[in-house]
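J.: Below are the structure tokens for one structure; questions will follow.
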Amino acid sequence: MLQEKDVVVVGAGPAGLAAAIEAGKAGASVLLVDLNLMAGGQLFKQIHKFFGSSAHHSGTRGFDIGKMLLQEAKDAGVEIWLGSAVIGLFPGMKVAIEKGLDGTKKEVITIQAKKIIVATGASENVIRFKGWTTPGVMGAGAAQTMVNVNHVKPGRKILMLGTGNVGLIVSYQLMQAGCQVVGLVEAAPKIGGYAVHAAKIKRAGVPIYMNHTIVEVKPGADGCVEKVIIAQVDEKFNPISGTEKEIEADTVTLAAGLKPSAELPKLMKCQYTFNGVFGGSIPLHNENMETSIEGIYVAGDTTGVEEANTALEEGKIAGIAAAQALGYIDAKVAEETKKEIWHRLVALRMGPFGERRLAEKEKIIAEYAMKIGAPVPEENMEGYDHVDN
Amino acid sequence: MCMRVENHVILDVEKKVSPVEITVDGLVIEAYEGEPVLGALLNAGIKINRYTVKRHEPRGLFCGIGQCTDCAMVVDGVPNVRTCITPVKAGMVIKTQDGLSKGEA
Amino acid sequence: MSIINLGYLEYEELAAIQKLPTKERYEKGPVAVIECIQEIPCNPCEAACKFGAIEIGEPITNLPTLALDKCTGCGICVSKCSGLAIFVINKVYSETTATVAFPYEYFPVPVVGQDVEAVDRKGEVVCKGKIVKVMNPISFDHTPVVTVEIPKEFADEVRSIKRGEA
């Protein structure tokens, strides 16, 4: 006999936590699973004060929001498994989970779910240049985890590639931890992130090399990063010969964008679409955050790279929709609540930074309506092989 | 070499417990129970976790969240352990992984 | 615009986007200068001011506007802005000096009486200064607000200090 749960939420970042909280509050039995040793996803690394409105905890530091959500999840009766990886989704809404990643005995447990919410976030893009595999070259998120969560510096002299919000914020946080940021490198002629974040970097006297890219990382005798060669780029982003500069650094952090980690829904044959603005291939979903397969929902960066605020709201919708489908929430109440959340999402996607994402979200939902219409129960999809337990 | 963040305006970085000892390639280093093994290694200035199979090239921290496997090392005899998501236990024996380091009993 | 192309705001660009305090208002004492120039959904400054001097309204992407007559220059908003983009300038601190209150989240936080090097928006040292006040109550949630005294002529430029050795 398999252990049964009403809702299994994969990923305990802001989207997953919010979804688990809503479903749990409504009375559903919820299991929240995360690979990491701590819940909160990227929230615990965010030590800066968030933007947004008071409904979105504006002015509150990311890790404080993480703590609040975790407590709310516990209060809502959500069961949380950490150090556990969802290694498979099988026909019949079965979720295979490998426990014991924290060093305890490994075992695989299969849960029989009624609804599954995939909120597995995103992962960092890689930029390849000569020497990109040298120890000391890492994702900006990795450096951020090291200083903000583990309180250890990844290096002393850090060169940041990318001036999107991740590049700008992580540079600031590395300086707060006592590292020296020797510069930021940006291939475009424009700063990618918010002006106010860039302003903090400039006030700290850190050089920003616009229209530049990294062409080579040179290791020292110990095999780790010692020098970085950057060069100016032309309008096609090709390095211009003769413009090379050598910068001394022992760490290179890459903040060149994120791509959605959206592999699990593929296992259930959910339909996907490619979206450049959102960072890659994403599962199509409707306004209930439900994919083409009935009972499988998605929320947060998995559906397109945005922010913690939007992830939180999407998670709420998925949690409410799943609980509603199971009969735990009255349909009228659910519809009204979801409508309010969609209004908040529109407000979050306003302004020059957000409006492109708003337009793309609308495209995704329209594409879903056109190609899929309504979600199909698993058994009705083509090629479905029902596996008896 | 101490790479710990010892002062911070926002974070409480004061260590409230005593460190334990773990061994890395025979060298005894300080670590805190529960922190990722990789954190203790970085604090000790150790940036190389393994060498690749074909070209014997060094690899170290890349993603920090258990997705890329560049930080994999042999921990207490078990190879391919992602040190960025594995918590420290007192007395752990860690070795730089060479290629696939097929199991050291 | 230099903030997008280079990362820092030129004073003329700021003045063109935000309604900065008038000469008359500066002569009355300390006043906030909000260097927020992009439409981002964000409004904690509005709720932060207990005198109701900052307004954003709806939609929350509106740039904040400051009611000069309501602003007392208390500096609370400096700690509440998530973008660390608000400063309090007092151009009549003394005959020859002005003060700039700015958010400072680096270790070590300076202390009152300390001699420092004051920097502009580009991070370049423009003059010497002396710390006259440091506010870091619990309500500021770890964003200390530091006030530096500088020669009057640099009041529109100085926005931080050179960081000390950690």
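J.: Could you list, ordered by first residue, the pairs with Cβ atoms under 8 Å in which the first is in the stretch C:1-26 and free of Cβ contacts under 8 Å to residues at least 12 places away in the same chain and at the interface with chain A (Cβ under 10 Å from one of its Cβ atoms) and the second is open to solvent by 80 Å² or more (accessible area, probe 1.4 Å) and not small (Gly, Ala, Ser), at least 6 apart or interchain?
T.: Here the result reads C:Ile4/A:Lys190; C:Asn5/A:Lys190, each pair linking the stretch C:1-26 to a residue that is open to solvent by 80 Å² or more (accessible area, probe 1.4 Å) and not small (Gly, Ala, Ser).
J.: Could you check how many residues of the stretch A:170-195 are open to solvent by 20 Å² or more (accessible area, probe 1.4 Å) and within 11 Å of chain C (Cβ to nearest Cβ)?
T.: Residues flagged as open to solvent by 20 Å² or more (accessible area, probe 1.4 Å) and within 11 Å of chain C (Cβ to nearest Cβ) within the stretch A:170-195 amount to 7.
J.: If you take the residues in the stretch A:296-312 that are open to solvent by 10 Å² or more (accessible area, probe 1.4 Å) and part of a helix (DSSP H, G or I), which one is farthest from A:Leu345 (Cα to Cα)?
T.: A:Asp301
J.: Give A:Ala318, A:Ala331, A:Ala311 a once-over and let me know the one that is modelled with pLDDT of 90 or more, hydrophobic (A, V, I, L, M, F, W, C), touching a helix residue (DSSP H, G or I) at 6+ places or on another chain (Cβ under 7 Å) and more than 21 Å from A:Ser281 (Cα to Cα).
T.: Result of the check over A:Ala318, A:Ala331, A:Ala311: A:Ala331.
J.: Can you tell me which residue is nearest to the chain's Cα centre (by Cα) among those in the stretch B:8-28 that are open to solvent by less than 70 Å² (accessible area, probe 1.4 Å) and within 12 Å of chain A (Cβ to nearest Cβ)?
T.: Selected residue: B:Val13.
J.: Of all residues being assigned to a helix (DSSP H, G or I) and open to solvent by 10 Å² or more (accessible area, probe 1.4 Å) in the stretch A:25-44, which is farthest from the other protein chains (Cβ to nearest Cβ)? Just the residue, please.
T.: A:Ala26
J.: Then there's this: For the stretch A:191-275, which strands (runs of 3 or more DSSP E) that fit wholly inside it have 1 or more residues that are farther than 26 Å from C:Ser160 by Cβ and of a type in the set (D, E, K, R)?
T.: Of the strands (runs of 3 or more DSSP E) lying wholly inside the stretch A:191-275, those with at least 1 residues that are farther than 26 Å from C:Ser160 by Cβ and of a type in the set (D, E, K, R) span A:212-219, A:225-232, A:245-248, A:258-260.
J.: Sticking with this structure for a sec: What are the residues in the stretch A:352-371 that are more than 21 Å from the chain's Cα centre (by Cα) and at pLDDT 90 or above, if any?
T.: The answer is A:Ala366, A:Glu367, A:Tyr368, A:Ala369, A:Met370, A:Lys371.
J.: Does A:Arg349 count as loosely packed, with under 13 Cβ neighbours inside 10 Å, at pLDDT below 95 and of a type in the set (D, E, K, R)?
T.: When the stated conditions are applied, A:Arg349 does not pass them.
J.: Another question, if that's okay. Within the stretch A:200-223, which residues are open to solvent by less than 30 Å² (accessible area, probe 1.4 Å) and more than 14 Å from chain C (Cβ to nearest Cβ)?
T.: A:Thr213, A:Ile214, A:Val217, A:Gly220, A:Gly223
J.: Let me ask something else about it. What is the one condition in (1) open to solvent by less than 30 Å² (accessible area, probe 1.4 Å); (2) in contact with a Leu (Cβ under 8 Å, 6 or more places away or on another chain); (3) of a type outside the set (Phe, Trp, Tyr) that A:Lys114 does not satisfy?
T.: Answer for A:Lys114: the failing condition is (1).
J.: Find the strands (runs of 3 or more DSSP E) located wholly in the stretch A:98-185 whose residues include 2 or more that are within 17 Å of A:Val228 (Cα to Cα), and list them.
T.: A:137-139, A:157-161
The values are calculated or read from the model by the stated rules, or taken from the named source; none is laboratory data. Bear in mind that the values here come from a model prediction, so they are computed numbers and not experimental data. Cβ sites come from the backbone with ideal geometry, for glycine too, and all protein chains shown count toward neighbours. Keep in mind that these areas ignore ligands, DNA and RNA; they rest on the heavy atoms of the full protein, side chains included. Shrake-Rupley method; radii C 1.70, N 1.55, O 1.52, S 1.80 Å.
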